[in-house]
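One structure is given here, and the rest of the page talks about it.
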Amino acid sequence: MAFFDIEGYEPGWLSGLETIRRAHGDRLRALVGKRLQCVHLTWFVEYGEWLQDAPVVVDFGDERLEITHWRFDELSLTWNTIDPYGKSEWDWGDPAEPSPLRWRQDIYPELSALDGQVLQDVELLQCGTRDVADGMVALGFVFPKGRFTVFNAMDENGIEYTEPGADYRKHSLAG
């Protein structure tokens, strides 16, 4: 069974800045200069809300980055395993009481405003708060007219649209 019954998607959990940079740094750096098509989020139809536990799919056309945070410090970055265009809605959960999920690109206007912009930088953002989030790694995406960060919202994904605060140490991958 796949994660949230998303066909073809199996997360690969990593922790720590250097581990994540070694595994994905070159490929994340290669996204710089590419045009963002859109960001796909999983919509929980029954409750009318974003299912933050499911992957965030950042679509650059020829590359789709799939981001999922779990527990306090685990991050999965996978590439091109999810096709949000093929199966737009699917059932997840108990077969007797299915819970429909749907890919959506229009949930947050702040994300939609970035569609079509060229990526200027990818940042690995390391949390330094001396609490359970200490060492957690978030991903920042910087564009000419805005930015977004996918971070660990304590066992699920969170998204912010502002410059990271002083609690984060930025590690630019743009070179």
May I ask you to verify whether residue 91 is in contact with a helix residue (DSSP H, G or I) (Cβ under 9 Å, 6 or more places away or on another chain), modelled with pLDDT under 95 and more than 18 Å from residue 157 (Cβ to Cβ)?
-> yes
Only one of these conditions is not met by residue 123: (1) free of Cβ contacts under 8 Å to residues at least 40 places away in the same chain; (2) open to solvent by less than 40 Å² (accessible area, probe 1.4 Å); (3) not β-branched (Val, Ile, Thr). Which number is it?
-> (1)
Just one of (1) of a type outside the set (Lys, Arg); (2) more than 19 Å from residue 86 (Cα to Cα); (3) surrounded by fewer than 22 Cβ atoms within 10 Å (Cβ to Cβ); (4) in contact (Cβ under 8 Å) with a residue 60 or more places away in the chain trips up residue 38, so point out which.
-> (2)
Taking region 31-42, which residues are out of contact with any helix residue (DSSP H, G or I) (no Cβ under 6 Å at 6 or more places or on another chain) and closer than 30 Å to residue 101 by Cβ?
-> 31, 34, 35, 36, 37, 38, 40, 41, 42
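The values are calculated or read from the model by the stated rules, or taken from the named source; none is laboratory data. Not measured: the values here are computed from a predicted model. All Cβ positions, even for glycine, are placed from backbone atoms using ideal geometry, and neighbour counts span all protein chains on display. Heavy atoms of the whole protein, side chains included, go into the accessibility calculation; ligands, DNA and RNA do not. Shrake-Rupley method; radii C 1.70, N 1.55, O 1.52, S 1.80 Å.
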